[in-house]
Amino acid sequence: MADTIVVRSRIKEHAQGCNVSGDFAEALSRDVVGLIKKAAERAKANNRKTVSSRDL
């Protein structure tokens, strides 16, 4: 993945005392991108151009 969509330092803040492997941010970014794409598809299916929390 060329771009990481999550902030690595923020992951560490929320990992609460756990180490975070180097590939975790990339895997998390892939999952987040997938969620965004699904949410956008749902918004389009409902004839909206705005993605909102209800699309998750």
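Every read-out reported here was derived from the displayed coordinates using simple, explicitly stated rules and does not represent laboratory data. What you see is a predicted model; the values in this text were computed from it and never measured. Here Cβ is always computed from backbone atoms with ideal geometry, including for glycine, and neighbour counts include all displayed protein chains.
Would you pick out the residues in segment 10-56 that are among the β-branched types (Val, Ile, Thr) and surrounded by 11 or more Cβ atoms within 10 Å (Cβ to Cβ)?
Let us first name the residues in segment 10-56 that are among the β-branched types (Val, Ile, Thr), namely 11, 20, 32-33, 36, 50-51.
Residues satisfying the conditions are 11, 20, 32, 33, 36, 51.
Taking first residues from segment 25-51 that are over 24 Å from residue 7 (Cβ atoms) and partners that are in a helix (DSSP H, G or I) and of a type outside the set (Val, Ile, Thr), the Cβ contacts under 6 Å between residues at least 6 apart in sequence or on separate chains come to 42/55; 43/55.
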